[in-house]
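Report on the structure given below.
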């Protein structure tokens, strides 16, 4: 199910779990609004991670905690500190990229 | 004569040997296949072995039994591929020249990737069931285990057969009920994903199973280390989960040979085009099954569907024609839920598993995303299909290599 959501002055399409269905609709303001919903106060370090995630997504590379740990952007420990309680799913939502899923 | 070389005689490699011996003229093409093992394992059976539902003999046969006449089987370890000279160096110092290479070296567990996973407790209070030895040792443990906290755990994705850990938890519930000791066992399922189910339709249809089977789920747990002495697993957020018996799926990695050859990603999986199965390593190198980095499930059914498409693409490559961009990520998996029932899922890169019937609309006889006894019979029958049809490269009637949408309830899906 696809729903339209309004973030600030922008209307974007999301899936039922609140993940953007099209990265092209993402703006930094949209990311900021989603971060507020996730109770994350964004810093430059947070945005560095978001940039990396979006870049990997555009290159069609599947993301994992291991990949992020080896990215040179953050260590896994730092990643957890930046986005507590499920860093990959939360940062993916803020970045406007799909949630990492398994087959079911 | 031209040389076609297949590395790995597991599910994928054996299927390709059978397909290609029929497809390529014997007067023009030699086909060789290399594997270090002498046994071919029926890997889906590793799920049943720990619960004494299968015996050891049900899951192993001689590897040469399935290699067709006209294909040379070489029993050796592989040192590395030299992509620039079109050769493969074996551990016994033999060099094999190829015109076309197919990498089918699969994936294996890598428990050494997590601090503290190996040690005195390995195969004592910490087990895997993704290897024959691991599954057999776990069976011996479960025969005498008196109960306590059972933790079923996924280290990181991707793993072979992503649903197997959940099936293990379901079958454990059944097993302990049948032994009359379910009250003595606490079952916890620990996953790095956002839940035991991650897709909307599957979550809606199947979430009840966890409650029914009294399985506690701990999501978003990315393990940092195992404290074997105190029987705890600890994640990067310093969250701790204690266990009496840990059944883990360690990190899955491609063969070390891929790393020695100078390509592969950080888990030694081969960069491969997800639609054609040609690698980006070289035009004459193809990859199939668990060895690739494509975003499909690492599963036998995926290898089976890929094999039909890769055979066509090898023929096209030889004829100098453009490759078919046909593989759509099709996978078809039975999921055991215990007590003689199972689910069936059929999906591809873009279509999540949904409800419906399979392989025929309305009449089935198998039901998608729904627990039935018929699905369980299908899973049991699959062992016969595997040994007698699948790895011999015979087409399974009514099941196409690309996903069929008929019989599926698609109107609700995204």
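Couple of notes before you dig in:
Every residue, every condition in (1) touching a residue at least 24 places away in the same chain (Cβ under 8 Å); (2) assigned by TED's automatic domain parsing to the domain that holds residue B:11; (3) touching a strand residue (DSSP E or B) at 6+ places or on another chain (Cβ under 8 Å), yes or no:
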position	(1), (2), (3)
B:361	yes, no, no
B:379	yes, no, yes
B:384	no, no, no
B:401	yes, no, no
B:408	yes, no, yes
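- Single residue of region A:77-89 satisfying the filter (crowded, with 18+ Cβ neighbours inside 10 Å and within 9 Å of another protein chain (Cβ to nearest Cβ)) that is modelled with the lowest pLDDT: A:86
- Residue ID - surrounded by the most Cβ atoms within 10 Å (Cβ to Cβ), chosen from residues in region B:168-195 that are within 14 Å of chain A (Cβ to nearest Cβ) and in contact with a helix residue (DSSP H, G or I) (Cβ under 6 Å, 6 or more places away or on another chain): B:189
- Residue in region B:370-392 that is modelled with pLDDT under 90 and buried (at least 17 other Cβ atoms within 10 Å of the Cβ) present: no
- Considered as a group, the residues in region A:1-14 that are modelled with pLDDT under 90 and surrounded by 14 or more Cβ atoms within 10 Å (Cβ to Cβ) include one that is farthest from residue B:198 (Cα to Cα), and that residue is A:7.
- In region A:21-41 there is no residue matching the filter, namely being within 14 Å of another protein chain (Cβ to nearest Cβ), within 13 Å of the chain's Cα centre (by Cα), part of a loop (DSSP other than H, G, I, E, B) and closer than 27 Å to residue B:110 by Cβ.
- Test: residue in region B:219-233 that is more than 25 Å from residue B:138 (Cβ to Cβ) and buried (at least 20 other Cβ atoms within 10 Å of the Cβ): yes
- Failed condition for residue A:68, given (1) in a loop (DSSP other than H, G, I, E, B); (2) without any contact (Cβ under 8 Å) to a residue 24 or more places away in the chain; (3) touching a helix residue (DSSP H, G or I) at 6+ places or on another chain (Cβ under 7 Å): (1)
- Conditions (1) surrounded by fewer than 18 Cβ atoms within 10 Å (Cβ to Cβ); (2) in contact with a strand residue (DSSP E or B) (Cβ under 6 Å, 6 or more places away or on another chain): number failed by residue B:77: (2)
- Odd one out for residue B:50 among (1) in a loop (DSSP other than H, G, I, E, B); (2) surrounded by 17 or more Cβ atoms within 10 Å (Cβ to Cβ): (1)
- Taking region B:216-236 as the range and being assigned to a loop (DSSP other than H, G, I, E, B) and either more than 10 Å from chain A (Cβ to nearest Cβ) or out of contact with any strand residue (DSSP E or B) (no Cβ under 9 Å at 6 or more places or on another chain) (or both) as the test, the residues that pass are B:228, B:229, B:230, B:231.
- Filter pass, residue A:99 being in contact with a strand residue (DSSP E or B) (Cβ under 9 Å, 6 or more places away or on another chain) and either over 30 Å from residue B:345 (Cα atoms) or assigned to a loop (DSSP other than H, G, I, E, B) (or both): yes
- Only one of the numbered conditions (1) crowded, with 20+ Cβ neighbours inside 10 Å; (2) part of a helix (DSSP H, G or I) is violated by residue B:153, and that is (2).
The values are calculated or read from the model by the stated rules, or taken from the named source; none is laboratory data. This is a predicted model, so every value here is computed, not measured. All Cβ positions, glycine included, derive from the backbone under ideal geometry; neighbour counts span all protein chains shown.
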